[in-house]
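Novice: Dropping a structure here in C-alpha coordinates format, bear with me for questions.
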Amino acid sequence: WHLKEACEKLPQWKDCPRSLEGLSAFGSLEELILDNNLLGNDLVLPGLPRLHTLTLNKNQITDLESLLDHLAEVTPALEYLSLLGNVACPNELISLEKDEEDYKRYRCFVLHKLPNLKFLDARKVTRKEREEALVRGSFMKVVKPKVSCLLSRLHKEFMSCLTGYSLSAEDVLCLDFRRDLLLGFIHGYIVGQT
(Lines give C-alpha, C1' and ligand atoms only; values in the text may rest on other atoms or scores of the structure.)
Protein backbone atom coordinates (compact mmCIF):
# COMPACT_ATOMS: atom_id res chain seq x y z
CA TRP A 1 0.00 0.00 0.00
CA HIS A 2 1.11 3.51 -0.74
CA LEU A 3 0.83 6.08 2.02
CA LYS A 4 -1.95 7.92 0.19
CA GLU A 5 -3.99 4.71 -0.14
CA ALA A 6 -3.43 3.88 3.51
CA CYS A 7 -4.90 7.23 4.52
CA GLU A 8 -7.94 6.72 2.31
CA LYS A 9 -8.70 3.10 3.19
CA LEU A 10 -8.34 1.71 6.66
CA PRO A 11 -8.05 -2.10 6.72
CA GLN A 12 -10.73 -4.14 8.44
CA TRP A 13 -10.17 -4.74 12.15
CA LYS A 14 -10.28 -8.46 12.81
CA ASP A 15 -10.54 -8.14 16.57
CA CYS A 16 -12.95 -6.04 18.56
CA PRO A 17 -11.52 -2.54 18.83
CA ARG A 18 -11.47 -1.05 22.32
CA SER A 19 -12.28 2.40 21.00
CA LEU A 20 -12.92 4.15 17.70
CA GLU A 21 -11.26 7.36 18.93
CA GLY A 22 -8.28 6.88 16.63
CA LEU A 23 -10.48 7.30 13.57
CA SER A 24 -10.54 11.05 14.08
CA ALA A 25 -6.96 11.10 12.74
CA PHE A 26 -8.25 9.75 9.41
CA GLY A 27 -10.30 12.72 8.18
CA SER A 28 -9.85 11.67 4.56
CA LEU A 29 -11.08 8.12 5.19
CA GLU A 30 -13.32 6.89 2.34
CA GLU A 31 -14.07 3.27 3.25
CA LEU A 32 -14.54 1.70 6.66
CA ILE A 33 -15.30 -1.95 7.37
CA LEU A 34 -16.27 -2.65 10.97
CA ASP A 35 -17.92 -6.06 10.52
CA ASN A 36 -17.94 -8.62 13.36
CA ASN A 37 -16.74 -6.24 16.09
CA LEU A 38 -19.51 -6.52 18.73
CA LEU A 39 -20.33 -2.83 18.19
CA GLY A 40 -23.60 -1.74 19.76
CA ASN A 41 -25.87 1.25 20.15
CA ASP A 42 -23.08 3.20 21.86
CA LEU A 43 -21.16 3.42 18.55
CA VAL A 44 -19.77 6.91 18.06
CA LEU A 45 -17.88 7.81 14.91
CA PRO A 46 -15.94 11.05 14.54
CA GLY A 47 -16.76 13.40 11.69
CA LEU A 48 -15.70 11.61 8.50
CA PRO A 49 -16.66 14.00 5.68
CA ARG A 50 -15.22 11.87 2.85
CA LEU A 51 -16.49 8.47 4.01
CA HIS A 52 -18.62 6.95 1.24
CA THR A 53 -18.62 3.26 2.27
CA LEU A 54 -19.44 1.90 5.71
CA THR A 55 -20.15 -1.69 6.62
CA LEU A 56 -21.28 -2.58 10.13
CA ASN A 57 -22.40 -6.15 9.38
CA LYS A 58 -22.81 -8.72 12.16
CA ASN A 59 -22.56 -6.38 15.14
CA GLN A 60 -25.01 -5.78 17.99
CA ILE A 61 -26.83 -2.68 16.77
CA THR A 62 -30.51 -2.56 17.72
CA ASP A 63 -31.42 1.15 17.67
CA LEU A 64 -31.72 1.97 13.99
CA GLU A 65 -33.01 5.53 14.28
CA SER A 66 -30.21 6.70 16.59
CA LEU A 67 -27.59 5.13 14.34
CA LEU A 68 -29.03 6.75 11.22
CA ASP A 69 -29.28 10.17 12.89
CA HIS A 70 -25.64 9.86 13.96
CA LEU A 71 -24.49 8.76 10.48
CA ALA A 72 -26.40 11.62 8.83
CA GLU A 73 -24.48 14.02 11.06
CA VAL A 74 -20.95 12.61 10.81
CA THR A 75 -20.84 10.98 7.34
CA PRO A 76 -22.41 13.43 4.84
CA ALA A 77 -20.85 11.70 1.80
CA LEU A 78 -22.10 8.19 2.70
CA GLU A 79 -23.33 6.29 -0.36
CA TYR A 80 -22.95 2.64 0.65
CA LEU A 81 -24.15 1.27 3.98
CA SER A 82 -24.52 -2.32 5.10
CA LEU A 83 -26.10 -3.36 8.40
CA LEU A 84 -26.81 -7.04 7.69
CA GLY A 85 -26.66 -9.32 10.70
CA ASN A 86 -27.79 -6.69 13.21
CA VAL A 87 -31.15 -6.71 15.00
CA ALA A 88 -31.66 -3.21 13.56
CA CYS A 89 -31.72 -4.77 10.07
CA PRO A 90 -34.77 -7.05 9.94
CA ASN A 91 -34.00 -10.17 7.97
CA GLU A 92 -36.17 -13.27 7.76
CA LEU A 93 -33.08 -15.47 7.43
CA ILE A 94 -31.85 -14.35 10.85
CA SER A 95 -35.16 -14.01 12.69
CA LEU A 96 -38.36 -15.98 12.14
CA GLU A 97 -40.28 -12.94 13.37
CA LYS A 98 -39.16 -10.86 10.36
CA ASP A 99 -40.39 -11.04 6.79
CA GLU A 100 -39.81 -9.31 3.45
CA GLU A 101 -42.28 -6.55 4.36
CA ASP A 102 -40.25 -5.72 7.50
CA TYR A 103 -37.15 -5.46 5.33
CA LYS A 104 -38.91 -3.19 2.80
CA ARG A 105 -40.08 -0.87 5.61
CA TYR A 106 -36.53 -0.86 6.98
CA ARG A 107 -35.09 0.14 3.59
CA CYS A 108 -37.67 2.90 3.20
CA PHE A 109 -36.91 4.27 6.66
CA VAL A 110 -33.13 4.15 6.11
CA LEU A 111 -33.47 5.94 2.76
CA HIS A 112 -35.65 8.58 4.39
CA LYS A 113 -32.91 9.25 6.96
CA LEU A 114 -29.97 8.89 4.52
CA PRO A 115 -31.31 10.00 1.12
CA ASN A 116 -27.89 10.02 -0.60
CA LEU A 117 -27.38 6.25 -0.30
CA LYS A 118 -26.83 4.43 -3.58
CA PHE A 119 -26.51 0.97 -2.04
CA LEU A 120 -28.11 -0.39 1.13
CA ASP A 121 -26.90 -3.75 2.39
CA ALA A 122 -26.27 -5.87 -0.69
CA ARG A 123 -28.77 -4.14 -2.99
CA LYS A 124 -28.71 -1.05 -5.16
CA VAL A 125 -31.24 1.61 -4.19
CA THR A 126 -33.93 1.88 -6.86
CA ARG A 127 -35.65 5.04 -8.08
CA LYS A 128 -38.96 3.63 -6.81
CA GLU A 129 -37.50 3.08 -3.31
CA ARG A 130 -36.11 6.60 -3.26
CA GLU A 131 -39.48 8.08 -4.25
CA GLU A 132 -41.32 6.04 -1.63
CA ALA A 133 -38.82 7.11 1.03
CA LEU A 134 -39.51 10.76 0.23
CA VAL A 135 -43.27 10.30 0.60
CA ARG A 136 -43.64 7.62 3.29
CA GLY A 137 -40.21 7.09 4.82
CA SER A 138 -40.90 9.00 8.04
CA PHE A 139 -43.85 6.67 8.73
CA MET A 140 -41.89 3.47 8.18
CA LYS A 141 -40.36 3.26 11.63
CA VAL A 142 -42.06 0.11 12.85
CA VAL A 143 -42.07 -0.78 16.50
CA LYS A 144 -43.20 -4.30 17.24
CA PRO A 145 -43.25 -6.03 20.59
CA LYS A 146 -40.31 -8.31 20.96
CA VAL A 147 -42.21 -11.60 20.79
CA SER A 148 -39.14 -13.73 21.45
CA CYS A 149 -38.39 -11.81 24.67
CA LEU A 150 -41.97 -12.15 25.86
CA LEU A 151 -42.10 -15.86 25.04
CA SER A 152 -38.75 -16.48 26.71
CA ARG A 153 -39.94 -14.73 29.86
CA LEU A 154 -43.21 -16.69 29.90
CA HIS A 155 -41.29 -19.94 29.44
CA LYS A 156 -38.96 -19.11 32.37
CA GLU A 157 -41.92 -18.23 34.60
CA PHE A 158 -43.71 -21.43 33.60
CA MET A 159 -40.67 -23.53 34.38
CA SER A 160 -40.05 -21.76 37.70
CA CYS A 161 -43.56 -22.75 38.80
CA LEU A 162 -42.53 -26.40 38.49
CA THR A 163 -39.44 -26.07 40.68
CA GLY A 164 -39.57 -28.46 43.61
CA TYR A 165 -42.09 -30.85 42.05
CA SER A 166 -41.11 -34.38 41.22
CA LEU A 167 -42.63 -35.19 37.85
CA SER A 168 -42.66 -38.36 35.79
CA ALA A 169 -41.39 -38.35 32.22
CA GLU A 170 -45.01 -38.59 31.01
CA ASP A 171 -46.00 -35.56 33.13
CA VAL A 172 -43.09 -33.55 31.72
CA LEU A 173 -44.08 -34.42 28.12
CA CYS A 174 -47.68 -33.42 28.82
CA LEU A 175 -46.58 -30.14 30.41
CA ASP A 176 -44.15 -29.44 27.56
CA PHE A 177 -46.97 -29.98 25.05
CA ARG A 178 -49.32 -27.66 26.95
CA ARG A 179 -46.59 -25.05 27.38
CA ASP A 180 -45.75 -25.14 23.64
CA LEU A 181 -49.44 -24.93 22.77
CA LEU A 182 -49.93 -21.93 25.07
CA LEU A 183 -46.78 -20.15 23.85
CA GLY A 184 -47.79 -20.81 20.23
CA PHE A 185 -51.23 -19.33 20.88
CA ILE A 186 -49.72 -16.25 22.58
CA HIS A 187 -47.20 -15.81 19.76
CA GLY A 188 -49.98 -16.02 17.14
CA TYR A 189 -52.10 -13.53 19.03
CA ILE A 190 -49.26 -11.00 19.44
CA VAL A 191 -48.14 -11.29 15.81
CA GLY A 192 -51.76 -10.89 14.70
CA GLN A 193 -52.07 -7.66 16.70
CA THR A 194 -49.03 -5.97 15.10
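The values are calculated or read from the model by the stated rules, or taken from the named source; none is laboratory data. What you see is a predicted model, and the numbers here were worked out from it, not measured in a lab. All Cβ positions, even for glycine, are placed from backbone atoms using ideal geometry, and neighbour counts span all protein chains on display. Just the protein is used for accessible areas: all its heavy atoms, side chains included, with ligands, DNA and RNA removed. Shrake-Rupley method; radii C 1.70, N 1.55, O 1.52, S 1.80 Å.
Novice: Based on the Cβ-Cβ distance from Val44 to Val135, what FRET efficiency comes out when R0 is 41 Å, to the nearest 0.05?
Specialist: 0.80
Novice: Under unit Cβ charges (Lys, Arg +1; Asp, Glu -1), what dipole magnitude, rounded to 20 debye, does the range 33-89 have relative to its Cα centre?
Specialist: 220
Novice: A further question follows. Ranked by accessible surface with a 1.4 Å probe, highest first, in what order do Tyr80, Tyr106 come?
Specialist: Greatest to least solvent exposure: Tyr80, Tyr106.
Novice: Can you send over the solvent-accessible area of Arg50, 1.4 Å probe, protein chains only, in Å² to the nearest 10?
Specialist: 110
Novice: Which order do peptides 108-121, 65-78 fall in by mean Cβ count within 10 Å, highest first?
Specialist: 108-121, 65-78
Novice: Distances over 20 Å make up what percent of all Cα-Cα pairs in the range 20-117?
Specialist: I get 34 percent for the Cα pairs in the range 20-117 exceeding 20 Å.
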